[in-house]
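Worksheet for the structure shown next.
The values are calculated or read from the model by the stated rules, or taken from the named source; none is laboratory data. Just so you know, these numbers come straight off a predicted model, no measurement behind them. Here the Cβ is made from the backbone with ideal geometry for all residues, glycine too, and neighbour counts use every protein chain on show. Heavy atoms of the whole protein, side chains included, go into the accessibility calculation; ligands, DNA and RNA do not. Shrake-Rupley method; radii C 1.70, N 1.55, O 1.52, S 1.80 Å.
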Amino acid sequence: PSTEDYDGYSLFHNIAYRTIDGGLTWDSAVNAFPAQLYADAAIPSDLKFLNKDIGYIVGALGSIYKTIDGGITWVQQTNIPSNISTIRLESIAIVDANIAYAVGWEGTVIKTTDGGATWINANNGLPTLFNNFYKVLMYDANQGMVFASGSVYTTRDGGITWTPYYAPVSEFMFAACFAPMAPCVPETVCKK
């Protein structure tokens, strides 16, 4: 797509900024963004979009906000497990219009399978004490990874069970992505 067709968002100083010209200019979405995000100190930490319409922001105090109109309006997700109302959420992965996973401190992994109407815990078997997850990657609805300080866990059943995965680092992992294995075509067959 041309840069004129590109819409995007960025978080800076707890404000969501939007571009509709490929990043040439950025406008603050503060007027469209819920005031309670600032009043409640629910400082945002991650922002993801599935497409030009559907996106999520996660942050402190177990806060999750969703937009279905490209960020013009944001709605706080209120049906989250009560045990995460004081937890900082660090990362979100959107699988499709219905399924998303969010992770955070104290071993928190939650997911929705109904577009955010309800969120459930999906951290079976994961250590919670001193285990903060900083990144979640989901390849599809069932297969994914969560990253903590020197630890990585994988699931193949949508978070019902998690398995430790060898990670050659002992520091925090804040960024990760799936990459196709050469010479795989199409790449969706080759990511495992």
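Inside the stretch 96-114, can you point out the residues that are in a strand (DSSP E or B), more than 16 Å from Tyr153 (Cα to Cα) and polar (S, T, N, Q)? Residue satisfying the conditions is Thr112 alone.
Quickly run through the stretch 96-114 and pick out the residues that are of a type in the set (S, T, N, Q) and crowded, with 24+ Cβ neighbours inside 10 Å.
First, pick out the residues of the stretch 96-114 that are of a type in the set (S, T, N, Q): 98, 108, 112-113.
If the condition is that a residue be of a type in the set (S, T, N, Q) and crowded, with 24+ Cβ neighbours inside 10 Å, then Thr108, Thr112 are the ones that fit.
Could you please let me know if Asp21 is modelled with pLDDT of 70 or more, farther than 28 Å from Phe130 by Cα and not hydroxyl-bearing (Ser, Thr, Tyr)? Judged against the criteria, Asp21 is a match. Taken over the stretch 52-75, the residue count meeting the criterion of being under 14 Å from Gly115 (Cα atoms), assigned to a strand (DSSP E or B) and either touching a Leu at 6+ places or on another chain (Cβ under 8 Å) or at pLDDT 90 or above (or both) is 7. In the stretch 41-51, the qualifying residues are those that are under 23 Å from Ile87 (Cβ atoms), in contact with a strand residue (DSSP E or B) (Cβ under 8 Å, 6 or more places away or on another chain) and part of a loop (DSSP other than H, G, I, E, B), and the one that is most open to solvent (accessible area, probe 1.4 Å) is Ile43.
Of the residues Gly144, Gly158, Gly150, the single one that is exposed (fewer than 13 other Cβ atoms within 10 Å of the Cβ) and out of contact with any Pro (no Cβ under 9 Å at 6 or more places or on another chain) is Gly150.
Go over the candidates Ala93, Ala16 one by one and state the one that is at pLDDT below 75, buried (at least 20 other Cβ atoms within 10 Å of the Cβ) and part of a strand (DSSP E or B).
It is Ala16.
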